[in-house]
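Below: one structure, written as structure tokens.
The values are calculated or read from the model by the stated rules, or taken from the named source; none is laboratory data. This one's a predicted model, so the numbers in the text were calculated from it and none came from an experiment. Quick reminder, even Gly has a Cβ in these numbers, built from the backbone with ideal geometry, and neighbours come from all protein chains shown.
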């Protein structure tokens, strides 16, 4: 079967994380490599917006496939820094320092030039999976940081109540809980009110 016919067929065993609609920004100069990438994105039924040339922050999308080269490395880094989606970079592996600079801006996967058609969809799936995992970890981290902040606020309030009412810390904590229940407020809200009033 000719290669071009193979590229137009739907992907036979689509990775699970690519089964829903995917919006993709293709920041790549026109040419053979861009055509290969687009043919594979078509197999995913992706909604593709081609942006070339492009500077400044990228618009929102699920994924960005970005052409990189040494002459545009700083501009590429600025463009990708604030992008909130999976990032796949098209790279020349022989460019000095390219991998380190791309890792520094949060690239999730690489397409090595010259492109191999059989790696594009797997790299996109990998980028989507890594981005999803990072997003999940960031949410968990934010939740843990919020819980730690709440705990510190409650500890400060307990210390204030301990000092003001001359109670033991466990008694002061019980006093705060009872007050919060009577006022139908969260313990943190009561603690925050005490700390802010100090």
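Scanning region 71-94 for residues that are free of Cβ contacts under 8 Å to residues at least 40 places away in the same chain, in contact with a helix residue (DSSP H, G or I) (Cβ under 9 Å, 6 or more places away or on another chain) and closer than 20 Å to residue 119 by Cα returns 88, 89, 91, 92, 93. Of all residues assigned to region 128-144, at least one qualifies as being under 30 Å from residue 53 (Cα atoms), buried (at least 19 other Cβ atoms within 10 Å of the Cβ) and assigned by TED's automatic domain parsing to the domain that holds residue 62. Scanning region 172-182 turns up no residue that is at pLDDT 90 or above, crowded, with 17+ Cβ neighbours inside 10 Å and assigned by TED's automatic domain parsing to the domain that holds residue 35. Among the listed residues 190, 161, 195, identify the single one that is touching a helix residue (DSSP H, G or I) at 6+ places or on another chain (Cβ under 6 Å), without any contact (Cβ under 8 Å) to a residue 60 or more places away in the chain and farther than 21 Å from residue 146 by Cα. Result: 161 is the single residue among 190, 161, 195 that is touching a helix residue (DSSP H, G or I) at 6+ places or on another chain (Cβ under 6 Å), without any contact (Cβ under 8 Å) to a residue 60 or more places away in the chain and farther than 21 Å from residue 146 by Cα. Is it true that some residue in region 114-124 is assigned to a helix (DSSP H, G or I), out of contact with any helix residue (DSSP H, G or I) (no Cβ under 8 Å at 6 or more places or on another chain), farther than 21 Å from residue 48 by Cβ and without any contact (Cβ under 8 Å) to a residue 24 or more places away in the chain? No, region 114-124 contains no residue that is assigned to a helix (DSSP H, G or I), out of contact with any helix residue (DSSP H, G or I) (no Cβ under 8 Å at 6 or more places or on another chain), farther than 21 Å from residue 48 by Cβ and without any contact (Cβ under 8 Å) to a residue 24 or more places away in the chain. Is it fair to say residue 154 is surrounded by 15 or more Cβ atoms within 10 Å (Cβ to Cβ) and either within 30 Å of residue 91 (Cα to Cα) or not assigned by TED's automatic domain parsing to the domain that holds residue 84 (or both)? Taking the combined requirement at face value, the residue satisfies it.
Among the candidates 50, 39, 23, the residue that is at pLDDT 90 or above, surrounded by 12 or more Cβ atoms within 10 Å (Cβ to Cβ) and within 17 Å of residue 131 (Cα to Cα) is uniquely 23.
The sole residue among 138, 133 that is at pLDDT below 95, under 30 Å from residue 38 (Cα atoms) and out of contact with any helix residue (DSSP H, G or I) (no Cβ under 9 Å at 6 or more places or on another chain) is 133. Return yes or no: is residue 180 touching a helix residue (DSSP H, G or I) at 6+ places or on another chain (Cβ under 6 Å), in a helix (DSSP H, G or I) and closer than 30 Å to residue 24 by Cβ? When the stated conditions are applied, residue 180 does not pass them. The residues of region 101-113 that are crowded, with 17+ Cβ neighbours inside 10 Å and in contact (Cβ under 8 Å) with a residue 60 or more places away in the chain amount to a single one, 111.
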